[in-house]
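Novice: Following this message is one structure expressed as structure tokens.
The values are calculated or read from the model by the stated rules, or taken from the named source; none is laboratory data. Computed from a predicted structure; not experimentally measured. These accessible areas exclude ligands, DNA and RNA; they are computed on the full protein's heavy atoms, side chains included. Shrake-Rupley method; radii C 1.70, N 1.55, O 1.52, S 1.80 Å.
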Amino acid sequence: KIVKINILGQEYVVKTTANPIYFQRIADYVNSKTKEIIDSGVDGNTQQLKIAVLACLNIADELFSSNKKHNKILDEIKSESKIILESIESKIK
């Protein structure tokens, strides 16, 4: 599938297997992050590369934070599962 998206006023044609609506949601999210950078005072007309890099850093930070939380939850589930399993095994014996 070919999807046309617009980021920072630039049109991109992307070949993807993803649902076009899903891909547009991603583009909308990226645009919202670039808008945050522009709203912070970075000139959207002359500093597009800076805006794009800062938006990428913000999105990467969100991803890393989310992964850290995800891994912490998985570790807690593993720990609780181990306790439950040990409890069951001790009652079986």
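Novice: Counting only helical runs of four or more DSSP H residues, what would the 222 nm mean residue ellipticity of the chain come to if each run contributes -39,500 (n - 2.57) and the total is spread over all its residues?
Specialist: Result for the chain, helices only: -25500 deg cm²/dmol.
Novice: Stokes-Einstein D for the chain at 4 °C, 1.567 mPa s, Kirkwood Rh over Cα pairs, in µm²/s?
Specialist: 78
Novice: Sticking with this one: Which whole-Hz couplings ³J(HN,Hα) result when phi for each residue of the stretch 4-20 is put into the Karplus expression 6.51 cos²θ - 1.76 cosθ + 1.60, θ = phi - 60°, listed in order with x for Gly and Pro?
Specialist: My calculation for the stretch 4-20 gives 9, 10, 10, 10, 6, x, 9, 8, 10, 10, 10, 8, 8, 9, 6, 4, x Hz in order.
Novice: When the Karplus curve 6.51 cos²θ - 1.76 cosθ + 1.60 is applied with θ = phi - 60°, which whole-Hz ³J(HN,Hα) does each residue of the stretch 81-93 get, with x for Gly and Pro?
Specialist: Per-residue couplings from phi come out as 4, 4, 4, 5, 4, 4, 5, 5, 4, 5, 6, 5, 6 Hz.
Novice: Same structure, new question: How many percent of the accessible area of the stretch 3-93 is carbon or sulfur, using a 1.4 Å probe?
Specialist: 59
Novice: Another question about this same structure. I need the phi-derived Karplus couplings for the stretch 22-35: 6.51 cos²θ - 1.76 cosθ + 1.60, θ = phi - 60°, integer Hz, Gly and Pro marked x.
Specialist: In residue order, the calculated couplings are 4, 5, 5, 4, 5, 4, 4, 5, 4, 4, 5, 5, 5, 5 Hz.
Novice: Also: So for the chain, if I pair up every lysine 8 or more residues apart or on another chain, how many of those pairs have alpha-carbons under 14 Å apart?
Specialist: 4
Novice: To continue, here is another question. Per residue, how many Å² of accessible area does the chain show with a 1.4 Å probe?
Specialist: Result: 81 Å² per residue.
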